[in-house]
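Notes follow the structure.
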Amino acid sequence: MTRALFCDTLRSMRRTLSRFISIVIIVALGVGFFTGLRAVSPGMRAAAYDLFSQLHLADIVIQSTVGFDEHDRLAVLELSGVENVTLSRFVDGILFDPPPEGSDDPVMAQGMTGAPYVMRVIGHDFEGYDDYNQRDDRLNTLRLVEGRWPQHENEAVVSAYANRMEPQRFSLNQRILVRGDHENLLDTVRNAPGVEERFDGGVVYTIVGVVHTPEFLAMELGASQAGGGELSGYIYIPNRAFHRPYYTTLLVGVAGSRAFAPYTAEYDYLVRRVRETVEEEAQRILTQRTARIGPQLQEEIDNGRAELEAAQEEVDALTQALADRPAELEERRQELLAETSQERYDRLMAEFEQNLAEFEEARERYMVAHARVQAFPYTREDYRHAQNRMTVAQESWEMADMGIQVGRAAIETAEAILESGDAARMGNAIGILSIYFPMNPGDANVAGVTRMLEEARVDMAFQEEMLEEARLDLERERAHLARFGPYLRELDAYERARRDILEAETQMLDAQHWLNNADIMFAIMQHEFEEAERNLQIALQEQNFGLQRIANSERLLRQAENLLYTLPYAQWMTNNRDHFPGYTNFGDTADSMQQFAIAFPILFFLVASLVSFSTMTRMVKDDRKQMGMLKAAGYSAASISIKYIFYAAAAGLLGALLGTAIGFLFIPQAIFIAYQILYLIPTMPFGFFPAEALVGVAAALISTVGAVLASVVVNVRNHPSVLMRPKAPRAGKRVLLERVPFIWNHMGFTGKVTTRNLMRNKMRALMTFTGIMACTALLVVGFGIGDSLGTMLGRQFGPESIMRFDAQANLQVPMRAGDTAQLEAFEAHLQTGEITSILPAFIQQLYVDTQGFDRQVPARLSVPETTEGFDDFVYLRDNNTGEQLELTDDGAIINGKLAEIMGVGVGDTITLHWGLRQAEVRVASITYNYIYHWVYVSPAYFEQAFGMACDFNMVLLNLNPNLRLAGLNRGERGAIMEERTALARELTDTVHVMAVAFNQTIIDSVGEQLSVMRNVVMVVFVAASGALAFVVLYNLNIINIYERIRELATIKVLGFSDKQTDMFIYRENIILSVLGIAAGLALGIPIFGYIIRQAEIESMMFVRTLVPWVFIAAGLVTLVFAIGINVVMHFRIKSINMVEALKSVE
Amino acid sequence: MFCEVCGARMEENAMFCDTCGHRVMGEDAPQPVVQQQTYAPPPPPVAPQQQQFAPVPPVTRPTRKTGPAFIEFNEVSKQYIMGEVKIDALDHASFDIEEGELCLIIGSSGAGKTTALNVLGGIDSVTGGQVQVDGRTITSLSNKQLIDYRRNQVGFVFQFYNLIPNLTALENVEIATQLSKNPLKPEQVLNMVGLQDRMDSFPAQLSGGEQQRVSIARALAKNPRLLLCDEPTGALDYETGKQILQLLQDTCRQTGTTVVIISHNMAFEPIADRVVRMRSGQVYDLTVNPSPMNVADLEW
């Protein structure tokens, strides 16, 4: 290349800068799309690998119906291939926002589907988090993004994902309240020392940090036993806050697994071997565990019962004591009402007045009595005096009388002795006489006695005289006293009157007092009443609280009982990383991106090369004269060509480099960011993929340099004079259509010109046609996928679909065929019509393979208790004919996708692996199905295949149509949601039902993801096809206009209006567009068929049929693109300067 | 690259100066093939043997005739601004043409005659002055009215024919009649120009003269009141050129169409009813020829 030629090359680049740039851009677009899309899938895998290995995602997850303890951990750690084992536990609760200012009631938070926000509180070991080495032996570790680690039991960290999805929900230093759903959270976790329990049974957590976690990748977080059954969020709290002695999950790290990237066959193989070991040893370790906890449980239950009884008694007593209180209170209230009324006051007044009157009366009576007493001439003193005198007289008379009696007796005794003459006794007689008579004692002989007798007799007579005197005296005094009689009676009346008046006065004063202080009294009474009322309320609350406590301990007791009951059936659920929400889907997404990355960029490449080809050809054509001149000047064909090759190579390389840079830098990140809506993978490492870059550069060079070579070689070989002469304009030619005069003669000139033009520029027409076709086909694919994603759920779940049942209930213990005891929980609801029908079934995740198939595919086995009426719950249709299928006893029905993956057909045999059991089953029919793989088997065939009777672990439920949510908006759902939740709760509160899952929950959560995916797909496809249509149509139209500028100017001079001139160009476009759209619609069908199969993740079959709206939309959107280009061209055509265009000649 | 005549900047490889219309003759300038094949160097000016009209002293600005003429060019200016340079393609040019006349506009390259024709044809605008055709001021028509004017009033004949390559001769005529309000029958017009046998040929299959005849037929078929011809013989040999001129003169005579022909060839002057001579955008002379010569008698 001479210096002059080099200069010319550079200058021609500068002069045709816009053309150069347009080639660069087109190439960059093609290469960018290619390399970028190719880099997405490996980039996503690398991102996942980074996260999983840095945060030690567990390889195997074990869950047990009886929990784990440290013994289990050590037992599993001893198994071969196990590197480390971490115990983990959680509790699910309902999220509340702490009460707002001025309120005591916390506000229940709602999840995205409107159900209660179910929050998983996960115990995490934060010890040693500052030391990397110490963390290495733990699994599922966290990475702090913001804030700090929790330090005590009431601090928590929240996922960065939750924080991003709902920034208003969680923020640093925010306080949230988690309450147990029908259980006390404090039964499981404790508050930090010094933190008081508030909001009965809830725990308040302060968010102190934001973390990344490897275990929740997707927005869909899985199932929960609490709330609406769907987990909405999760927080991590310090492990030591949990005070129950068991763990819920056992995380296992497989030795050497970190050497392999996730989602690879090597990794899967390694983990699967260890998992098999774990499964083999499960029963042994479980037996040890059940042996350990059995007695403990029994003890716990016994204690619990005792406690419960005691508590019940207490509450009963309280209840009894309280029983009459309300009635009493009511009585008092009525009284109070009466007592404090005006009426009552009036009554008080009346009472007072009556008392006053009584008092007056008493006073009158008293006055009368008093006057009467006063009227007597003597006083009470006189009466007492007379009484005394009479008493004295009486006593005197009695004394005298007694002396006489005694004296007589002594005389008689002495006379007797004397008469007897007994000398010995004379002394006695003297003694007696001398005692009773005051005389000198005589001699102790008869004489002496006789004398003394004589003397005594005299004395006696005297004494009798004295007695008589006393008697008279007495009678006198008695008569005197008797005169006091009337006086005493009056006195008595007076005394009574006095008493009466005193009493009346007291009463009157009392009444007066009441009357005077009525207001104060009333107030006091009111207060007393209120006090009583309050006391009652407190007592009632106490009672209520006691009842709650009882309910709580009853539940705990029932849980323990259930656990004990199921202990013999204890089992482990072993999962690999599929267990972690989003793990599998992320891998499948990466896979489907891989498929897109093949189909999609090739299309773009093709278009880029077509466009650069036409542009380069045009350039060479324009330079014909110069080429001729150079050739005439003696330059060789090669050195002339070098200019164009250099030009093309420069454009191609520049475009390729630009495209590679943009492709690797932006496209994976852009798509990754879009996917971050669905998956929480924090960052995607930048990836450079040399092979892809090389392919891109090579393809870019082929399409530019190749195009140049093709047209240069053709031209440069010619003789200089030929080159220097302008290429004769292509002659008009007759087209086939002209042979059909009927049509031809009815065509306008534009029509004729158009028809001939189409034939004349076959290449360009073909390219336009191809571009439009590709655009339409892309749109068919894009809308088709969109429709597929959008309608898949509706075809799988709900009425008129496959899975027609509304909910499924897990039984605590599998049910024997015909054993209706466990179904009693549903009876009541069947009676009320909330549940319309039930069907026990055995649904089990298992693995399927077949002869000559190198791996096992996870699938679900479904065995209904009876095949009759099964179609009310699951409606099976033949994959090909669409006819309804009956479940028979001569084989299994499997879904189409499963049959497709394994390459089996009707009559073939597949093997089911259920734990250690295996069964060969014959494929009887193949059914439609979209989500998961299913193997349907009748119970009889199950027995035949597995050699054991089928126990049913599920009950499928059909709900009353009033309880269905489909088609309702969030507002309308509210009440129904509550009813459903209540139904689920009532069922799970029975001993038989473990959990209830509603299909609508799946539809809502999966539906949300699917709609995000659908929107992403649609936007990508519409944008891509739009770019395609624009690039192709714009370039070709520009060339078309450029080539026909004289024609256009001429017809404008002839008086064609703008519209007519436009039509001169448009007609061609329109025809090509219509043809291209038609072809694209047709072409879209097989492409869609291919891509939809490639894009499918293994566990799903997308809807593979296209519906009319897809075609209509694809056609219309393409038409809109074409019209858009035509609008741009309109201005281009309008700006043609007739004078300029007609001046030159070619 | 700059124009040798007016000095205006020109595009690389351009064959004509945008400003003055000068055709580049430089050594390295690309030579249009057509030109090489068909261009006959203009004959040396011949002294008129028969003085059919008295030489009129040159007038730079002829005064307007009284009473409205069919075409009135009134102080028309057309100024291009190229960077800092202003170029006057038309500089206060004024002339009239009566209805039914065959008018010849004569001038060397860059004299402004093509610009004048373009303005007359409604495909170029002016920067000053007025042009009236049949009482209508076409310089102030809207775009839409201009299209209508071009469609119904004017027939254009180009130096390089500008036929639509994809249409046959007949169709090329029909494309015009399709637009016009009262067109002539295309076959009839082609008959008129003597192409009855080549009606179904594509332009590429026709000779230059035949193509120009199709072009004239296309212009005539619209039954225009005004036929504008831009160097209609420029790309043709002598005989063919003469035939074309004859055709134009006959058309003028037989149909009463006003015909305006642009030429740099002063030998054509005798055949015209009216001759407008231009130089540097100005009309410096206007001659009315009361008894024009028949083309058949013209020799050059």
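Which whole-number percent gives the relative contact order of the range B:113-153, counting Cα pairs below 8 Å spaced six or more residues apart?
33 percent
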Global form of chain A, assessed from the alpha-carbon gyration tensor, a/c cut-off 1.5: prolate
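Regarding the range B:136-178, what's the average projected area of the Cα-atom convex hull, expressed in nm²?
Computing the convex hull of the Cα atoms and averaging its projections yields 3.9 nm².
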Average partner coverage of B:117-126, which counts Cβ from other chains inside 10 Å: 2
Binned Cα-Cα distance frequencies in the range A:755-875 - 5 Å width, integer %: 2, 8, 10, 12, 12, 10, 9, 7, 6, 5, 5, 4, 4, 3, 2, 2, 1
Residues B:Ser201, A:Ser1011, A:Ser18 arranged by fewest to most Cβ contacts within 10 Å: A:Ser18, A:Ser1011, B:Ser201
Three semi-axes of the equivalent ellipsoid, the range A:652-702, Cα gyration tensor, whole Å, largest first: 27, 10, 8
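Quick one: which of B:Lys113/B:Lys185; A:Lys1143/B:Lys113; A:Lys1052/A:Lys1143; A:Lys752/A:Lys1059; B:Lys78/B:Lys113 span more than 20 angstrom between C-alpha atoms?
B:Lys113/B:Lys185
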Acute angle (nearest 10 degrees) that the helix A:265-323 long axis makes with the longest principal axis of chain A, alpha-carbon atoms: 30 degrees
Expected-Rg normalisation [2.2 N^0.38 Å, Cα atoms] applied to the range A:799-965: 1.04
Between helix A:970-988 and chain A: long-axis angle, C-alpha atoms, 0 to 90°, nearest 10: 60 degrees
Only Lys, Arg (+1) and Asp, Glu (-1) charged, at Cβ; the range A:281-335 dipole about Cα centre in debye: 560 debye
Scattering profile of the range A:825-876 at q = 0.23 Å⁻¹ [log10 I(q)/I(0), Debye over alpha-carbon scatterers]: -0.93
Cut-off under 5 Å, modelled amide H: who pairs with B:Asp96 long-range: B:Phe73
Under-5 Å amide H pairs with B:Ala272, H placed in peptide plane, nonlocal only: B:Met293
Highest to lowest packing among A:169-179, B:110-120, A:654-664, A:350-360, scored as the average C-beta count within 10 Å: B:110-120, A:654-664, A:169-179, A:350-360
Whole-Å semi-axes of the range A:389-489's equivalent ellipsoid (Cα gyration tensor): 40, 10, 9
Listed residues A:Met460, A:Thr770, A:Val1110: farthest to the positive end of the dipole of chain A (Cβ charges): A:Thr770
Placed amide H near B:Arg279: partners under 5 Å, 5+ positions off or other chain: B:Tyr284
Relative contact order %, chain A, counting alpha carbon pairs below 8 Å whose residues are six or more apart: 15 percent
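Over the range A:799-965, what is the relative contact order in whole percent, taking alpha-carbon pairs under 8 Å and six or more residues apart?
Normalised by residue count, the contact order of the range A:799-965 is 36 percent.
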Within chain A: Cβ-based charge dipole about Cα centre, in debye rounded to nearest 20 (Lys, Arg +1; Asp, Glu -1): 16260 debye
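What is the ratio of the Cα radius of gyration of the range A:237-375 to 2.2 N^0.38 Å, with N the residue count, to two decimals?
3.01
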Euclidean distance between Cα centres, the range A:1037-1106 to the range A:512-564, Å: 82 Å
Alpha carbon convex hull of the range A:1037-1125, volume per residue in cubic angstrom: 107 Å³
Whole-Å distance, taken between Cα centres, linking the range A:565-607 and the range A:14-29: 41 Å
Centroid-to-centroid separation of the range A:361-415 and the range A:890-943 [C-alpha atoms, Å]: 132 Å
Nearest 10 degrees, 0 to 90: helix A:485-516 Cα axis against chain A principal axis: 20 degrees
Exercise: per-residue mean of other protein chain Cβ atoms within 10 Å, B:155-164: 5
Ratio of the Cα radius of gyration of the range A:494-592 to 2.2 N^0.38 Å, where N counts its residues: 3.01
Shielding of B:179-189 by partner chains, average beta-carbon count, 10 Å: 1
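A short reminder: the numbers here are calculations on the coordinates, not readings from a lab. The structure displayed is predicted, hence computed values, not measured ones. Here Cβ is always computed from backbone atoms with ideal geometry, including for glycine, and neighbour counts include all displayed protein chains.
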